[in-house]
Amino acid sequence: MPRTSSPQVQPINWRDGVLRILDQTLLPAEMRYIDTSDYRDVADAIRRLAVRGAPLIGVAAAYALALAARRGDDVLAAATELAATRPTAVNLRWALDRVLAAADGDAARAEAEALRIHEDQIASDAASGELGAALIEPGATVLTHCNTGSLATGGIGTALGVVKTAHWQGKRISVLVDETRPLLQGARLTAWEL
């Protein structure tokens, strides 16, 4: 499982062929994880927004194909089912294509590529957090929209990763959190994550 360089909630974790997903529909009232070795459970979690945020959906879909390959399921059928869960999530199709191309039917290669996708997201989040935080002045007030933190990416987050990095740098910023739909994830999840 890739590690991040900062303490945070981990919405997804791969260990020995079992994928652990935080059910985001229950937050902030309850932290409950879904542990699965079946790609169909991941497809269901994406469909019902237990997994959300384009980057995290891509990471989850990559791991789901690794699960399908490990079980000996039809990986192309699994990819088709996963692609149908959230057709507008750009990272979903990209991650599926990347695992299919790298794995060529081999479970170990599918797992390795899924781990690489997750590691790449963590690194990308960290880099954008550093670059973005350089633009935030000490004492600034930042407005966030939707949830773009760890819950949406599996790393420190994209836009919220910038806010977190600025905070870790001691910039004493304030954050205004607005809502988004359909599940009020902007206000509900971002406020909880902060």
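Simple spin-label estimate for ARG181 and LEU49 gives 1.0 nm between the two label positions (7 Å along the Cα-to-Cβ direction from each Cα).
Highest average first, the peptides 123-130, 16-23 ordered by how many other beta carbon atoms sit within 10 Å of their residues are 123-130, 16-23. The order of the peptides 45-52, 137-144 by mean Cβ neighbours within 10 Å, most packed first, is 45-52, 137-144. With R₀ set to 25 Å, the beta-carbon distance separating LEU76 from ASP120 gives a calculated FRET efficiency near 0.60.
With r as the distance between the Cβ atoms of ASP35 and ASP106 and R0 = 22 Å, compute the FRET efficiency 1/(1 + (r/R0)^6) and round to 0.05. The partial results should precede the final answer.
Numbers: r = 24 Å, r/R0 = 1.11.
Once rounded, the FRET efficiency stands at 0.35.
Per atom type, the chain shows carbon and sulfur on 54% of its accessible surface, probed at 1.4 Å.
Could you give the angle, 0 to 90 degrees to the nearest 10, between helix 107-133's Cα long axis and the longest principal axis of the Cα atoms of the chain? Compared with the principal axis, the helix lies near 10 degrees.
Using Cα atoms only, what is the angle between the long axis of helix 54-71 and the major principal axis of the chain, expressed in degrees (0 to 90) to the nearest 10? Its long axis makes an angle of about 20 degrees.
Remark: the range 26-82 carries 39 Å² of accessible area per residue (probe radius 1.4 Å; ligands, DNA and RNA excluded).
Rank HIS118, HIS145 by accessible area, highest first, at a 1.4 Å probe radius?
Result of the area sort, largest leading: HIS145, HIS118.
Taking label points 7 Å from Cα along the Cα-to-Cβ direction, ALA84 and LEU26 give a separation of 2.8 nm. For the range 1-150, a simple Cβ point-charge model (Lys and Arg +1, Asp and Glu -1, everything else neutral) yields a dipole of about 220 debye relative to the Cα centre. Remind me, relative contact order of the range 55-194 in percent, using alpha carbon pairs under 8 angstrom and six or more residues apart? With pairs under 8 Å counted, the relative contact order is 23 percent. The relative contact order of the range 29-81 comes to 37 percent, based on Cα pairs under 8 Å that sit 6 or more residues apart. Packing around the peptides 101-107, 53-59, 170-176, taken as the average count of other Cβ atoms within 10 Å per residue, puts them in this order, highest first: 53-59, 101-107, 170-176.
The values are calculated or read from the model by the stated rules, or taken from the named source; none is laboratory data. Since the model is a prediction, treat every value here as computed from it, not as a measurement. All Cβ positions, glycine included, derive from the backbone under ideal geometry; neighbour counts span all protein chains shown. Each accessible area value is taken on the protein alone, full model and side chains, heavy atoms only, with ligands, DNA and RNA left out. Shrake-Rupley method; radii C 1.70, N 1.55, O 1.52, S 1.80 Å.
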